[in-house]
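This report refers to the structure that appears directly beneath it.
The numbers here are math on the coordinates, done by the rules we state, and not lab data. For clarity, every value in this text was computed on a predicted model and none was experimentally measured. Using ideal geometry, Cβ is built from the backbone for each residue, glycine included, and neighbour counts are taken over all protein chains shown.
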Amino acid sequence: MKTALGNYLDKNKSNKSKIARKIGLSEDRLNALSNEDTAILYADEFYKILFLSNYYAGVPLKEFDNSITQIFPNRKKGILVDKFSHLSPTAQLFLVHTQPKSDVESAIGMPRNKISKFATDDKKRATASEFINFCDGMNLDILEKFEKLFGKIQI
């Protein structure tokens with residue numbers, strides 16, 4: 001059964017072997033991400049796959065966020081910041097950036113204590129949904145965050 005990513009790649013008529021080669025991913029891995037619901041899609045992989053799929057399909061960069069919505073349709077933007085919108089700008093500044101990790105994890109559907117694990121294990125990776133949910137929750141520009149953390153993709 002196709003995953004949401006697999007359906008998107010098919011819709012774009014993406015050449016999966018070309019994308020896999022370009023980003024250094026095995027074709028088996030990309031096929032698993034496209035067809036197996038149990039395959040864990042990591043943020044760094046997702047960014048590269050989506051970026052190249054869109055590039056080769058002629059989807060403009062300004063549509064990157066809309067492309068994410070086609071794969072992850074139930075996005076909750078602002079859930080980590082909107083709860084402070086009734087407060088003063090100063091209170092918003094401090095409260096948005098000092099939320100307890102457990103509150104953030106719960107709000108974005110991340111397993112308990114995973115944020116702490118990122119700090120103690122540099123091999124620990126965020127899933128695509130965790131990355132997207134956090135960026136959405138904080139009202140961050142997702143493409144900008146992908147580029148900052150994983151680098152701009154050179155074609």
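For the pair N74 and T90, label points projected 7 Å from Cα toward Cβ lie 4.1 nm apart.
Among residues other than F118 with Cβ under 12 Å from its Cβ, the summed charge is +2 (Lys and Arg +1, Asp and Glu -1). The slack between D37 and K13, meaning 0.36 nm per residue of separation minus the straight C-alpha distance, is 6.6 nm. Considering only N113, I40, I79, and ranking their Cα positions along the charge dipole of the chain that arises from unit charges at the beta-carbon of Lys, Arg, Asp and Glu, the one farthest toward the positive end is I40. Annotation: amide H-H contacts under 5 Å for Y42 (H modelled 1.01 Å from N, sequence separation of 5 or more, or interchain): A128.
In the chain, helical runs assigned H by DSSP with n ≥ 4 each contribute -39500 (n - 2.57); averaged across all residues and rounded to the nearest 500, the mean residue ellipticity at 222 nm is -16500 deg cm²/dmol. For the peptides 60-68, 48-56, the ranking by packing is 48-56, 60-68, with the highest mean count of neighbouring Cβ atoms within 10 Å listed first. Loop-located trypsin sites (Lys or Arg not before Pro) in region 103-155 (DSSP state not H, G, I, E or B) with no more than 16 neighbouring Cβ atoms inside 10 Å: R112, K123, K124, R125, K152. Partners of K124 within straight-line reach, counting aspartates and glutamates whose Cα lies under 18 Å from its Cα and excluding those fewer than 8 residues away in the same chain: D44, E45, E105. Expressed per residue, the C-alpha convex hull volume of the chain stands at 126 Å³. Counting charges near K2 (Lys, Arg +1; Asp, Glu -1) among other residues having Cβ under 13 Å from its Cβ returns a value of -1.
Counting only Cβ charges, +1 for Lys and Arg and -1 for Asp and Glu, the dipole size of region 15-155 around its Cα centre is about 200 debye.
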